[in-house]
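The values are calculated or read from the model by the stated rules, or taken from the named source; none is laboratory data. Being a predicted model, the structure only gives us computed values, none of them experimental. With ideal geometry, Cβ positions are generated from the backbone for all residues, glycine too; neighbour counts draw on all protein chains shown.
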């Protein structure tokens with residue numbers, strides 16, 4: 001479950017210039033509008049049947065490439081380096 005203000009990071013790896021930083025892609029949940037739940041929208045139909053509860057209009061902010069300080073519980077990477 002996500003809420004307004006939540007951030008989801010996809011860690012791309014340690015920053016090549018400074019190993020204390022991470023390169024990530026980030027999505028931030030700006031707003032959620034649950035009032036729109038229950039109204040079907042033909043624009044967003046798919047081959048699979050979905051319940052109206054699974055569609056909640058949201059405004060997201062995407063950062064394709066961002067350099068951040070490593071987390072307080074440091075990300076160390078995967079066991080197998082590629």
How many residues, within the range 47-68, are at pLDDT below 90 and touching a helix residue (DSSP H, G or I) at 6+ places or on another chain (Cβ under 7 Å)? 2
Number of positions in the range 1-34 that are assigned to a strand (DSSP E or B) and either over 15 Å from residue 63 (Cβ atoms) or under 9 Å from the mean Cα position of the chain (by Cα) (or both): 13
